[in-house]
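Inspection log for the structure reproduced underneath, given as structure tokens.
The values are calculated or read from the model by the stated rules, or taken from the named source; none is laboratory data. No experiment lies behind these values; they were computed from the predicted model shown. FYI the Cβ positions are ideal-geometry reconstructions off the backbone, even for glycines, and counts take in every protein chain you see.
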Amino acid sequence: MTFLELVNKRHSERAYIENAEIDKNIFLKCLEAARLAPSACNSQPWRFIIVDNLEIKNQIAQTTTTAFLPLNHFTKQASAIVVVVNEGSNLSASVGNVVKDKDFSVMDIGIAVEHFCLQAVEEGLGTCILGWFDEKKIKQILEIPKNKRVELLITLGYPKNDKEKTRRKRKDLEQIYSYNKY
């Protein structure tokens, strides 16, 4: 498949074959794709925690929904939840963070996460990147140090429906770019 076909195939999966086992080699391929992602000053500020133990995975899944906002119930169906921890930038990137008033580590993690997700699609898996979760509870469950930040979760599993998804409407190409000026 071409790169554009791969990108077009990737979408936020919200229906999985419940708790279908994923071969450890597939996790390793996805992690390798993430590891190869570029980062500011080569800081590689990420750590991926693969949660595939059913009991722990369901505890993490429970942190993605609340009584007030009953979102993300599909997370319990996923075979695994990948917890993405911000390890912080190295010294060079940290100086850049201050000078440019930007947190490059968050951008770097976004790139690595997308590499992970694209490799997952190549392996026949579905993913959904989540930012809505109870970080404090996840840190307790997984014994993540208090000075670390959980930036994202990725649900991972085999899609329940094998047929092609209807793509969400995207802006027309002409709406997203210009040459030489705004």
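Side notes on the structure shown:
- Exactly one residue out of ALA33, ALA61, ALA40 is under 30 Å from SER94 (Cα atoms), of a type in the set (Gly, Ala, Ser) and under 16 Å from the mean Cα position of the chain (by Cα), and it is ALA33.
- Only one entry of PHE133, PHE116 meets the criterion of being closer than 16 Å to LYS76 by Cα and not aliphatic (A, V, I, L, M), and that entry is PHE133.
- Residue match in the stretch 79-97 (condition: modelled with pLDDT of 95 or more and touching a Cys at 6+ places or on another chain (Cβ under 9 Å)): yes
- The listed residue being at pLDDT below 95, exposed (fewer than 11 other Cβ atoms within 10 Å of the Cβ) and either within 24 Å of ILE26 (Cβ to Cβ) or small (Gly, Ala, Ser) (or both), out of LYS100, LYS163, LYS169: LYS163
- Those helices (runs of 4 or more DSSP H) of the stretch 81-182 in which 3 or more residues are in contact (Cβ under 8 Å) with a residue 40 or more places away in the chain and closer than 24 Å to ALA20 by Cα occupy 104-122, 135-142.
- Residues of the stretch 1-17 that are outside any helix (DSSP H, G or I) and surrounded by 13 or more Cβ atoms within 10 Å (Cβ to Cβ): ARG10, HIS11, SER12, GLU13, ARG14, ALA15, TYR16, ILE17.
- Which listed residue is small (Gly, Ala, Ser) and either surrounded by 14 or more Cβ atoms within 10 Å (Cβ to Cβ) or under 19 Å from LEU152 (Cβ atoms) (or both), from ALA34, ALA67: ALA34
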